[in-house]
Amino acid sequence: MKRDIRDLLNPALQRIEVYKVEGGQEAEIKLNQNESPFDLPLWLKETILDEFRREPWNRYPDILPFRAMDAYADFLGIPRDCVIMSNGSNEMLYTIFMACLGPGKKILIPEPSFSLYEKIALLLQAEVVRVPMHPGLDFDAAAIIETARSRQVDFIVLSTPNNPTGKSLAYDDVCRIVSESDAIVLVDEAYIEFSREKSMLGLIGVLPNLVVLRTMSKALALAGMRIGFAIADPHLLGELAKPKIPFSSSRLAEITLQHVLKNYYLVTDAVAYILGERDRLYSELDGIPGLEVFASDTNFLIIRVDDAAAVFRALSGSGILVRNVSGYSLMKNCLRFNVGLRDENDRILDKLRKL
Ligand SMILES: Cc1ncc(COP(=O)(O)O)c(C=O)c1O
């Protein structure tokens, strides 16, 4: 009698699911993955491709993409040994979680937050300690500090601004959490360019248990290139980097990032546009009866409607793809959509008004 295949596998697999994007990734108006609506201009793509063409494709890239890492460190004004690049920040999340978690370790996750945190923690058989947000979706900083202390957690992950709620912790609260806890604190700043709050980067080297995570997939409009970074004190970073997949960043990603950093005005302009549209969307949505809109510190908005599944279907039927985030705790009947181009935003507003 052969053993059941499931008995051969990591038992944690029974508690996690394959990552899915409901509604897929194709739409006339695609607002479901918090991407930038602005692709790189063609002239910049050509420059990048010219350089990529001259690279040896038969040779491995560097173990780590040092050229892009140096460029990003210089851009941030941070010592070069404080940064490490990965294939999207998702890869860095796996790397850091592997370095920090395992059976017997405790991770604190505010709830609701980015679903990958819990998934990786469960996979590594760590104990997940959840701290609920306030009912209005704001962080409960006092509860985070108190729970970290009373449950003696080893690791805290804070997505701030937070996906999927769009809310941030105040800068002073993040400082208090990191300095009052002896846990390693990972601050995921995926949406920081859209935030009213200050980044934690200035405290790298000051708070030895602080790790900042950055992605180039949102404000930098490079979701297709897969680029993320961790920034931390070099002693800690050296340890966190041990499980990292070698050679995981392609030569193309490395070249692209250097060129985007050299032309950063493209990012600044796009962020200014998105923030203007975010504020316009917020005030327009606020005036639609039967719909609640939450203030956002990101490039996306959360609305609550009577029947999120029905609104999701109606929007899809008109070619508008949003994310139904109703399954997250405290987010019943909520939908999430990122800010798009002006006419795309007009289309969703129009449709929501009619609905
Ligand atoms: C909070 C947060 N962290 C990390 C990521 C992953 O980004 P990437 O792997 O594209 O860098 C996302 C993507 O949506 C996110 O929302």
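Starting from residues that are among the small types (Gly, Ala, Ser) and buried (at least 22 other Cβ atoms within 10 Å of the Cβ), keep the ones in the range 147-182 and report whichever is farthest from SER329 (Cα to Cα).
ALA148
Yes/no matrix, rows are residues, columns are (1) hydrophobic (A, V, I, L, M, F, W, C); (2) in the same structural domain as GLY340 (by TED's automatic domain parsing):
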position: THR256; (1), (2): no, no
position: ALA270; (1), (2): yes, yes
position: TYR273; (1), (2): no, yes
position: GLY276; (1), (2): no, yes
position: ARG280; (1), (2): no, yes
position: SER283; (1), (2): no, yes
position: ASP286; (1), (2): no, yes
position: LEU291; (1), (2): yes, yes
position: ALA295; (1), (2): yes, yes
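Residues checked against (1) in a loop (DSSP other than H, G, I, E, B); (2) within 21 Å of ILE227 (Cβ to Cβ); (3) within 16 Å of the ligand (Cβ to nearest atom); (4) not assigned by TED's automatic domain parsing to the domain that holds ALA219:
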site: TYR117; (1), (2), (3), (4): no, yes, yes, no
site: ARG130; (1), (2), (3), (4): no, no, no, no
site: HIS134; (1), (2), (3), (4): yes, no, no, no
site: ALA142; (1), (2), (3), (4): no, no, no, no
site: THR147; (1), (2), (3), (4): no, no, no, no
site: VAL157; (1), (2), (3), (4): no, yes, yes, no
site: ASN162; (1), (2), (3), (4): yes, no, yes, no
site: ARG176; (1), (2), (3), (4): no, no, no, no
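Considering only residues that are closer than 12 Å to ILE63 by Cα and among the polar types (S, T, N, Q), which ones fall in the range 244-271?
The answer is SER248, SER249, SER250.
Test SER113 against the stated conditions and say whether it is within 16 Å of the ligand (Cβ to nearest atom), assigned to a loop (DSSP other than H, G, I, E, B) and under 30 Å from ILE145 (Cα atoms).
Against the criterion (within 16 Å of the ligand (Cβ to nearest atom), assigned to a loop (DSSP other than H, G, I, E, B) and under 30 Å from ILE145 (Cα atoms)), SER113 qualifies.
Go over the candidates ILE29, ILE78, ILE16, ILE48 one by one and state the one that is in contact (Cβ under 8 Å) with a residue 60 or more places away in the chain, closer than 22 Å to LEU252 by Cα and not polar (S, T, N, Q).
Exactly one of ILE29, ILE78, ILE16, ILE48 is in contact (Cβ under 8 Å) with a residue 60 or more places away in the chain, closer than 22 Å to LEU252 by Cα and not polar (S, T, N, Q), namely ILE48.
If you check LEU237, LEU220, which single one turns out to be away from the ligand (no atom under 15 Å from the Cβ) and either touching a Lys or Arg at 6+ places or on another chain (Cβ under 6 Å) or modelled with pLDDT of 95 or more (or both)?
Only one candidate passes the filter, namely LEU237.
Give the residues of the range 32-50 that are away from the ligand (no atom under 15 Å from the Cβ) and part of a loop (DSSP other than H, G, I, E, B), sorted by residue number.
PRO37, PHE38, ASP39, LEU40, PRO41
For the range 65-76, indicate whether the set of residues that are within 16 Å of the ligand (Cβ to nearest atom), of a type outside the set (A, V, I, L, M, F, W, C) and in the same structural domain as ALA232 (by TED's automatic domain parsing) is non-empty.
Yes; the residues of the range 65-76 include at least one that is within 16 Å of the ligand (Cβ to nearest atom), of a type outside the set (A, V, I, L, M, F, W, C) and in the same structural domain as ALA232 (by TED's automatic domain parsing).
Counting residues that are more than 18 Å from ARG80 (Cα to Cα), which strands (runs of 3 or more DSSP E) fully inside the range 193-312 reach at least 1?
Hits in the range 193-312: 292-294, 300-304.
The values are calculated or read from the model by the stated rules, or taken from the named source; none is laboratory data. Values in this document were obtained by computation on a predicted structure and should not be read as measured data. In this analysis, Cβ positions are derived from the backbone assuming ideal geometry, glycine residues included, and neighbour counts consider all displayed protein chains.
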